[in-house]
Amino acid sequence: MEGYNTSSTDFIFMGLFNRQDTSGLLFAIISLIFFTALMANGVIIFLICTDVCLHIPMYFLLSHLSLIDMMYISTIVPKMLVDYLLGQRTISFVGCTAQHFLYLTLVGAEFFLLGLMAYDRYVAICNPLRYPVLMSRHVCWMIIVGSWFGGSLDGFLLTPITMSFPFCNSREINHFFCEAPAVLKLACADTAVYETVMYVCCVLMLLIPFSLVIASYAQILTTVHRMSSVEGRKKAFATCSSHITVVTLFYGAATYTYMLPHSYHRPEQDKVFSVFYTILTPMLNPLIYSLRNKDVTGAMKRALARCKGVQRVSGDAF
């Protein structure tokens with residue numbers, strides 16, 4: 001690592017681009033995923049804001065999920081790509097602290113928001129007549145604020161403690177961003193008690209939203225099973241399938257990272273699972289919701305028709 005210009009407080013990422021034979025291809029793939037995620041989530045937000053048919057609580061929450069995904073992937077990937085282009089892998093102590101805080105806050109907010117989106121589906125299917133009251137604009141904003149509060153609380157509680165440990169002379173983080181387990185491996189002090197507290201905290205952050213998801217969908221399945229209309233069942237499953245897919249992908253990868261004992265973890269496996277829920281999931285979420293949702297695809301068609309109409313009018317004017 002002599003080639004890197006570092007100070008005594010800098011960290012060095014081992015990163016993903018450590019194999020010369022595949023680094024260029026990996027850089028191209030991650031760049032494509034990053035820009036696809038930004039564009040796809042941006043389109044979702046634009047459609048929900050501009051199409052009146054999507055001005056309902058479910059899509060209001062979905063627009064905030066897309067916003068979180070855009071911010072989430074932007075805390076990690078741009079740094080990776082710029083470092084590859086500049087031929088460096090360092091990050092300052094302040095930069096690592098900021099990245100760690102933003103990561104914890106955004107991932108926590110997404111955990112809670114996905115759980116509360118299951119409640120929205122429960123109300124829509126099990127209590128449709130009371131839906132306008134139970135999912136009023138005030139309730140929707142409470143869900144958004146509650147999700148951000150839960151994520152921020154996690155970031156404010158864990159980040160100062162994680163970054164306050166004394167770090168050894170070897171400051172090489174065997175990861176591609178400042179994730180807590182990888183950073184704590186560099187600590188010179190005994191971190192066993194703190195790691196146990198952090199483990200319990202992360203388990204609660206996973207279990208509370210996931211329990212809400214399970215309880216909501218248990219009620220939904222019971223209600224759907226009682227429906228006499230086949231068309232009603234199909235519609236109910238269609239509105240829930242996208243959310244179930246997103247929850248399974250995001251919670252599954254996060255469960256491996258934060259709930260399995262350390263003996264089951266290997267650095268390379270940790271990187272793969274971290275790539276999945278920090279880089280791939282923000283791209284997959286809008287694609288899953290748009291490709292499997294007739295309302296969103298309908299809004300896309302209407303937006304394209306409006307664009308063609310504007311172009312036709314502009315052409316006629318000249």
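The values are calculated or read from the model by the stated rules, or taken from the named source; none is laboratory data. Here the structure is a predicted model, which means the values were calculated and not measured. Quick reminder, even Gly has a Cβ in these numbers, built from the backbone with ideal geometry, and neighbours come from all protein chains shown. Accessible surface areas use protein heavy atoms only, side chains included; no ligands, DNA or RNA. Shrake-Rupley method; radii C 1.70, N 1.55, O 1.52, S 1.80 Å.
What is the distance, in nm, between label points placed 7 Å from the Cα along the Cα-to-Cβ direction at L129 and at F165?
Between L129 and F165, the simple spin-label model gives 5.7 nm.
Using alpha-carbon pairs under 8 Å, 6+ residues apart, how would you state the relative contact order of the chain in percent?
Across the chain, relative contact order equals 26 percent.
Which helices, counted as full DSSP H runs in the chain, have an axial Cα extent of no less than 24 Å and a Kyte-Doolittle average of -1.0 or above?
Flagged H segments are 20-50, 57-74, 93-126, 137-163, 192-226, 230-259, 294-317.
Using only protein heavy atoms and a 1.4 Å probe, report how much of I45 is accessible, in Å² to the nearest 10.
Using a 1.4 Å probe on the heavy atoms, I get roughly 40 Å².
Taking the mean number of other Cβ atoms within 10 Å as a proxy for protection, how do you rank 84-95, 246-257, 174-185 from highest to lowest?
174-185, 246-257, 84-95
Excluding residues on the same chain fewer than 8 positions from K294, give the lysines whose Cα lies under 17 Å from its Cα.
K234, K235
Tell me the net charge near A303. Cut-off is 14 Å between Cβ atoms, A303 excluded, with +1 for each Lys or Arg and -1 for each Asp or Glu.
Its environment carries a net charge of +2.
Could you tell me which of Y72, I161, T257 has its Cα farthest along the dipole of the chain towards the positive end, charges placed at Cβ (Lys, Arg +1; Asp, Glu -1), taken about the Cα centre?
Of Y72, I161, T257, it is Y72.
Please list the three semi-axes, largest first and in whole Å, of the ellipsoid equivalent to the range 21-169, using sqrt of 5 times the eigenvalues of its alpha carbon gyration tensor.
35, 22, 10
Just from its helices, what would the mean residue ellipticity at 222 nm be for the chain, if runs of 4 or more DSSP H residues each count -39500 (n - 2.57) and the sum is divided by every residue, rounded to the nearest 500 deg cm²/dmol?
-25500 deg cm²/dmol
Take I29 and T245, extend 7 Å from each Cα along the Cα→Cβ direction, and tell me the distance between the two endpoints in nm.
Placing both labels 7 Å beyond Cα along the Cβ direction yields 2.1 nm.
Any idea of the accessible area per residue across the chain, 1.4 Å probe, to the nearest Å²?
For the chain, the per-residue accessible area is 51 Å².
Measure off 7 Å from each Cα along the Cα-to-Cβ vector at N18 and V94, then give the distance between these two points in nanometres to one decimal.
Modelled inter-label distance: 2.8 nm.
Taking a quarter of the surface of the Cα convex hull of the chain, what do you get in nm²?
Value for the chain: 21.0 nm².
Under the definition of Cα pairs under 8 Å and six or more residues apart, what whole-number percent is the relative contact order of the range 127-223?
19 percent
Enumerate the residues in the range 92-114 having an amide nitrogen under 19 Å from the point lying 7 Å beyond the Cα of F149 toward its Cβ.
Residues 105-114 fall inside that zone.
Using a probe of 1.4 angstrom, how much of the accessible area of the chain is carbon and sulfur, in percent?
Percent of accessible area from carbon and sulfur atoms in the chain: 69.
About the Cα centre of the chain, what is the dipole size in debye to 20, counting +1 per Lys and Arg Cβ and -1 per Asp and Glu Cβ, all else neutral?
The calculated dipole for the chain is roughly 1380 debye.
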